[in-house]
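Q: Got a structure for you, written out below as structure tokens; questions coming shortly.
Values in this text are rule-based calculations from the coordinates and carry no lab data. Because the structure is predicted, anything quoted here is derived from the model rather than measured. Note that each Cβ is placed from the backbone with ideal geometry, even for glycine, and that neighbours are counted across all protein chains shown.
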Amino acid sequence: MNRAAGLFLHPTSLPSRFGIGDFGENAYRWVDCLAENNQRFWQVCPLGPTGYGDSPYQNLSTFAGNWLLIAPSRLRRLDLLTVEELGDFPPLPDAEVDYGKVIVEKGKLFEKACARFNDTHEFTEFCERERLWLDDFALFMVIKERQGGKSWAEWESPYKLRFPAALDELRALERVAIRYQKFLQFLFHVQWGELRSYAKGKGVSIIGDLPYYVAYDSSDTWASPELFELDEKGNALRVAGVPPDYFSETGQLWGNPLYQWQHMRQNGYAWWIRRIRKSFELADYLRLDHFRGFESYWAIPAGSTTAENGTWEQGPGEEIFSVIRQALGQTQLIAEDLGEITHGVEQLRRKVGIPGMKVLQFAFDGDPENPYLPWNVNRNSVMYTGTHDNNTSLGWYAGLSEEDRDRVMKFLGCSKEAFIDCFLRCAYMSRSQLCIIPVQDILALPEGNRMNTPGKESGNWRWRMPPGSLQSRRFAVAGELAAVYGRNAPAAPAA
């Protein structure tokens with residue numbers, strides 16, 4: 001990879017009159033903005049359908065797409081919606097996503113569109129090509145709706161435990177509802193595919209994101225319980241998290257089911273190969289969230305109230321990457337290797353030859369050996385000012401102690417008023433081959449504009465770009481910095 005730069009923005013944060021960012025006109029304007037300002041990469045969060053909490057890292061399926069990202073405006077061109085129906089869409093907040101209202105109102109539009117849709121050759125082909133996950137996902141969503149949105153662990157036994165007769169009867173009764181779910185997935189894949197092709201034509205590559213774990217309440221665990229540490233009734237035996245550390249006295253209890261790695265190994269990691277292959281149909285590069293889980297993972301007994309009483313278990317290690325490489329060839333991966341990283345994790349990352357992440361906000365503890373300082377990072381890395389889990393850089397700076405702020409300003413050599421531009425310059429000039437900046441930092445936005453606050457139970461993942469942001473002159477700052485620090489060469493095509 002040539003030295004390059006890009007911006008991080010999840011599509012839900014794009015401007016749109018439909019209450020949530022989507023794959024409509026402003027998504028294409030966003031790609032234009034990237035290309036015009038020397039940004040060769042667009043990084044997104046996972047694009048799957050979100051469940052409770054609206055987190056893109058807790059998907060209802062690791063293979064499906066988030067139907068809320070479908071652009072109603074583009075369905076008008078297909079005569080699936082009328083001008084009047086689009087015009088009647090109620091006003092929704094444009095500063096943040098109100099997921100409850102968006103789900104209801106966009107659902108009304110898409111049901112009308114589906115009623116007008118006649119099965120095409122492309123739709124039939126899509127359903128056949130994707131049937132290994134699509135059939136289960138569509139049925140899962142239909143049952144979930146019939147069960148009042150409850151987790152599949154709380155469904156009636158014939159559905160929870162997948163009694164064949166019960167599922168066959170439901171398929172016959174709910175053909176229309178099942179078709180609707182497949183229709184939504186078809187639209188998602190068509191619209192995202194068109195947008196991704198447009199980005200490729202503009203020299204912009206997509207960096208996708210793959211959560212290490214899948215959500216317990218997902219079609220993946222429901223349809224393939226043998227892949228996870230579940231008992232015969234579908235209940236989790238052990239769950240995921242991380243142990244106590246400097247930041248949390250009781251650790252973090254995530255609750256995701258653990259993988260049956262022995263079963264997966266005996267099956268040649270077939271599910272993982274399908275998962276990675278599917279992810280690369282949606283993106284050019286792939287960030288592996290919680291990379292350390294491939295080396296070792298923290299296993300917590302189900303029913304625990306904290307993450308304190310777990311054990312470290314050995315992950316699949318280098319073997320799974322070797323199998324994936326044999327099946328898919330060379331893949332463009334990025335390791336999320338933040339947090340408490342052991343020598344073994346770092347050794348694994350080096351063995352498989354993929355870059356890790358460096359976060360500039362983590363660099364200023366006064367230690368000259370800090371691995372996030374620009375002079376300590378190696379070329380095979382990706383530099384960020386912050387991530388979706390961090391405060392904006394202006395918010396971070398404002399929250400520092402006077403001593404820490406003084407240390408940052410001495411390092412940057414600028415006034416407090418010039419902090420954000422100097423901070424951006426520091427990231428762009430780093431040795432890392434790739435520099436990715438959250439759009440909030442390019443727009444110089446203060447605290448109150450962060451995407452996610454870990455540990456906060458509600459209100460996350462709602463942030464949207466302020467109206468008019470796509471016309472901001474701030475993007476020219478990114479373009480200039482990319483040019484000055486040699487990050488404006490055309491992107492090499494992804495393998």
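Q: Quick check: the distance between the Cα centres of region 58-112 and region 207-276, to the nearest angstrom?
A: Computed from Cα coordinates, the inter-centre distance equals 30 Å.
Q: Tell me which aspartates and glutamates have Cα within less than 17 Å of Lys101's Cα, excluding those fewer than 8 residues away on the same chain?
A: Partners found: Asp22, Asp54, Glu85, Asp88, Glu111, Glu145.
Q: Place the peptides 111-119, 398-406 in order of packing, highest mean first, counting for every residue the other Cβ atoms within 10 Å and averaging per peptide.
A: Result, highest mean first: 111-119, 398-406.
Q: Run the numbers on the chain and let me know its relative contact order in percent, using alpha-carbon pairs under 8 Å that are six or more apart.
A: RCO, the chain: 21 percent.
Q: Name the shape class, rounded, prolate or oblate, that the alpha-carbon gyration tensor gives for region 1-73, where a ≥ b ≥ c are the square roots of its eigenvalues, rounded holds for a/c under 1.5, and otherwise prolate holds if a/b is larger than b/c and oblate otherwise.
A: oblate
Q: Now for a separate question. Expressed in nm to one decimal, what extension gain is obtained for the pair Lys456 and Leu328 from 0.36 nm per residue of sequence separation less their Cα-Cα distance?
A: Between Lys456 and Leu328, full extension yields 42.3 nm more.
Q: Say the dipole of region 1-127 comes from +1 at the beta carbon of Lys and Arg and -1 at that of Asp and Glu; which of Gly65, Gly19, Phe41 then lies farthest toward its positive end?
A: Projecting each Cα onto the dipole axis, the largest value belongs to Phe41.
Q: Go through region 251-265 residue by residue and turn each phi into a ³J(HN,Hα) via Karplus (6.51, -1.76, 1.60, θ = phi - 60°); whole Hz please, and just put x for glycine and proline.
A: Rounded to whole hertz, the list is x, 10, 9, 7, x, 5, x, 7, 7, 8, 4, 4, 5, 5, 5.
Q: Can you work out the Karplus-derived ³J(HN,Hα) for every residue in region 88-103? Use 6.51 cos²θ - 1.76 cosθ + 1.60 with θ = phi - 60°, whole Hz, and x for glycine or proline.
A: Going residue by residue, I get 7, 4, x, x, 10, x, 10, 8, 8, 8, 9, 4, x, 6, 4, 4 Hz, with x marking Gly and Pro.
Q: Further question: Under 1.5 on a/c is rounded, so check that first for region 371-474, then, if it is not, pick prolate when a/b is larger than b/c and oblate when it is not; a ≥ b ≥ c are the square roots of the alpha carbon gyration tensor eigenvalues.
A: rounded
Q: Also, quick follow-up: Please identify every one of the GluC sites (Glu not before Pro) in region 171-273 that sits in a loop by DSSP and has no more than 15 other beta carbons within 10 Å of its own beta carbon.
A: Of the GluC sites (Glu not before Pro), the ones in loops of region 171-273 whose Cβ has at most 15 other Cβ atoms within 10 Å are Glu232, Glu249.
Q: Ok, one more. Using the Cα centre of region 262-390 as the reference point, and only Cβ charges (+1 on K/R, -1 on D/E), how large is the resulting charge dipole? Debye, rounded to the nearest 20.
A: Value, rounded to 20: 720 debye.
Q: Hey, got a sec? Which chymotrypsin sites (Phe, Trp or Tyr not before Pro) in region 10-60 land in a DSSP loop and have at most 14 other Cβ atoms within 10 Å?
A: Tyr52
Q: What is the magnitude of the charge dipole of region 1-125 about its Cα centre, with +1 placed on the Cβ of each Lys and Arg, -1 on the Cβ of each Asp and Glu, and no other charges, expressed in debye to the nearest 20?
A: 280
Q: Subtracting the Cα-Cα distance from 0.36 nm times the residue separation, let me have the gained length for Glu84 to Arg129 in nm, one decimal.
A: So the chain would gain 12.7 nm between Glu84 and Arg129.
Q: Give a quick list of GluC sites (Glu not before Pro) in region 321-373 that DSSP marks as loop, anything other than H, G, I, E or B, with at most 15 other Cβ atoms within 10 Å.
A: Taking region 321-373 and a limit of 15 other Cβ atoms within 10 Å, the loop GluC sites (Glu not before Pro) found are Glu340, Glu369.
Q: If you don't mind, there's one more thing I want to ask. If I model a spin label as a point 7 Å beyond the Cα along the Cα-Cβ vector, how far apart are those points for Phe163 and Asn118 in nm?
A: So the two model labels end up 4.1 nm from each other.
Q: Between Glu308 and Asn380, with labels modelled 7 Å along Cα→Cβ, what's the label distance in nm to one decimal, could you check?
A: If labels sit at Glu308 and Asn380, their model points lie 4.0 nm apart.
Q: Using 22 Å as the Cα-Cα cut-off, could you pick out the over-long pairs in Lys106/Lys182; Lys112/Lys202; Lys416/Lys456; Lys202/Lys358?
A: Lys112/Lys202; Lys416/Lys456; Lys202/Lys358
Q: Mind running the shape call on region 23-152? Use the C-alpha gyration tensor, a ≥ b ≥ c as the square roots of the eigenvalues: rounded below 1.5 for a/c, prolate if a/b tops b/c, oblate otherwise.
A: rounded
Q: Using Cα pairs under 8 angstrom and six or more residues apart, how large is the relative contact order of region 374-434, in percent?
A: Here the relative contact order equals 61 percent.
Q: I've got another one for you. Which residue, Val477, Ala113, Val377, has the largest displacement toward the positive end of the dipole of the chain when charges sit on each Cβ (Lys, Arg +1; Asp, Glu -1)?
A: Of the candidates, Val477 comes out farthest on the positive side.
Q: Okay, next question. Under a Cβ-Cβ limit of 4.7 Å, which cysteines in the chain have nobody to pair with?
A: Cys33, Cys45, Cys114, Cys127, Cys426, Cys435, each lacking another Cys Cβ under 4.7 Å.
Q: For Glu318 and Glu194 in one chain, what is 0.36 nm times their gap in residues minus the Cα-Cα distance, to one decimal in nm?
A: 41.1 nm
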